1. Which of (1) surrounded by fewer than 19 Cβ atoms within 10 Å (Cβ to Cβ); (2) of a type outside the set (Asp, Glu); (3) under 21 Å from Arg151 (Cα atoms) is the odd one out, the single condition Leu213 does not satisfy?
2. State whether one or more residues within the stretch 97-115 are hydroxyl-bearing (Ser, Thr, Tyr), outside any strand (DSSP E or B) and closer than 18 Å to Ile21 by Cβ.
3. Please go through the stretch 148-166 and give me each residue that is out of contact with any strand residue (DSSP E or B) (no Cβ under 8 Å at 6 or more places or on another chain) and among the hydroxyl-bearing types (Ser, Thr, Tyr), ordered by number.
4. Given (1) touching a residue at least 40 places away in the same chain (Cβ under 8 Å); (2) within 21 Å of the chain's Cα centre (by Cα); (3) surrounded by 19 or more Cβ atoms within 10 Å (Cβ to Cβ), where does Ser154 come up short, assuming only one miss?
5. List every residue pair whose Cβ atoms sit under 6 Å apart, with the two residues 6 or more apart in sequence or on different chains, where the first one lies in the stretch 206-234 and is assigned to a strand (DSSP E or B) and the second, anywhere, is surrounded by 14 or more Cβ atoms within 10 Å (Cβ to Cβ) and of a type in the set (Ser, Thr, Tyr).
6. Can you spot a residue in the stretch 167-175 that is in contact with a Pro (Cβ under 7 Å, 6 or more places away or on another chain), more than 18 Å from Gly36 (Cβ to Cβ) and outside any strand (DSSP E or B)?
7. Just give me the residues in the stretch 9-37 being more than 25 Å from Trp166 (Cα to Cα) and crowded, with 17+ Cβ neighbours inside 10 Å, in sequence order.
Amino acid sequence: MDTQYNATVIDKIMVTPDIMIFKINTDEARAEFEAGQNILLGLFGYETRSSNSEPELVPAEANKLIQRPYSIASAKSETRQMEFYISQVKSGQLTSRLFNLDTGDRLYVGTRISGLFRLDETPDGTDIVMVATGTGIAPYISFLRSHIVERPESKMVVIQGAAHRWDLGYSSELTFLEKTYANFFYVPTLTDADERWDGYRLCIEDLLRNDTLQNEFNISPDPERTHFFVSGKPEMVSHVSEWLLGFGYTRHHPDEPGELYVEEF
């Protein structure tokens, strides 16, 4: 057992063969963090890769600790038990090894939690639109678990884009929140839906351009009233960001607050 490992896998839920909800317990509690932040996960190169991975593009060094940051999906008060939503990069170094772990296995978890993708920096009373593809949904799960009770005056919307119904991670939790909180709306949209799907059937960019937010939820892309979080595949993030810049949005930076928060996965 490697002495640098400081956490244990306590649950692993396979959403699809290449997407999992991954829960760990750290040996020592971390400091309370802000919803939307990330932490490093790590494994050594000698660890076995998953059975459905592909040859590594860059072979890992056996005795080197491979580390990458992952958004935390759990509530900000969970400082020992943490949850992650991870997609396997089949030819990558770390996710192919994380996917091979089972309950009880050990791994490295960083001690520092960081990141600027934070709901707590948005002004009280503003509406919040959270746009995601793929594992970009993870920080929003932390947002909602941490803050939905505290912000009854804000409309909060999650727009989640995917190809198929089974790619919509956390959809049951998001549907439950929509039924529970009058100010929360869940908007899943599929680009390759089957005949049983009765929701939206278009990409996120088209859904926004069709004025769905304005017509369905009375939420306008107005920097004074609505803050946007955009998280996921770089192409979607770029298109939605460009669309919002046309309404006068500015990208958020620590020294220069803006109304558009961006994180690429």
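1. Result: Leu213 fails condition (1) only.
2. Step one: list which residues in the stretch 97-115 are hydroxyl-bearing (Ser, Thr, Tyr), which gives 103, 108, 111, 114.
Those still in the list that are outside any strand (DSSP E or B) too: 103, 111.
Adding the requirement that they be closer than 18 Å to Ile21 by Cβ leaves 103.
Within the stretch 97-115, one or more residues are hydroxyl-bearing (Ser, Thr, Tyr), outside any strand (DSSP E or B) and closer than 18 Å to Ile21 by Cβ.
3. Kept after step one, since they are out of contact with any strand residue (DSSP E or B) (no Cβ under 8 Å at 6 or more places or on another chain), are these residues of the stretch 148-166: 149-150, 152-153.
Result: no residue meets the conditions.
4. (1)
5. His227/Thr122; His227/Thr126; Phe229/Tyr261; Gly232/Thr133
6. Here is the first cut: in the stretch 167-175, the ones in contact with a Pro (Cβ under 7 Å, 6 or more places away or on another chain) are 168, 171.
Still in the list and also more than 18 Å from Gly36 (Cβ to Cβ): 168, 171.
Retained after the next criterion (residues that are outside any strand (DSSP E or B)): 168, 171.
Checked the stretch 167-175: at least one residue is in contact with a Pro (Cβ under 7 Å, 6 or more places away or on another chain), more than 18 Å from Gly36 (Cβ to Cβ) and outside any strand (DSSP E or B).
7. Taking the stretch 9-37 first, the residues more than 25 Å from Trp166 (Cα to Cα) are 25-35, 37.
Thr26, Arg30, Phe33, Glu34, Ala35, Gln37, listed by residue number.
This table checks each residue for (1) in a strand (DSSP E or B); (2) outside the structural domain of Ser87 (by TED's automatic domain parsing); (3) free of Cβ contacts under 8 Å to residues at least 60 places away in the same chain.
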{"residue": "Asp11", "(1), (2), (3)": "yes, no, no"}
{"residue": "Asn25", "(1), (2), (3)": "yes, no, yes"}
{"residue": "Arg30", "(1), (2), (3)": "no, no, no"}
{"residue": "Phe33", "(1), (2), (3)": "no, no, no"}
{"residue": "Leu40", "(1), (2), (3)": "yes, no, no"}
{"residue": "Leu43", "(1), (2), (3)": "yes, no, no"}
{"residue": "Tyr46", "(1), (2), (3)": "no, no, yes"}
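The values are calculated or read from the model by the stated rules, or taken from the named source; none is laboratory data. What you are looking at is a predicted structure, and each value in this text was computed from that prediction instead of being measured. Every residue, glycine as well, gets a Cβ built from its backbone with ideal geometry; the counts of neighbours run over all protein chains shown.
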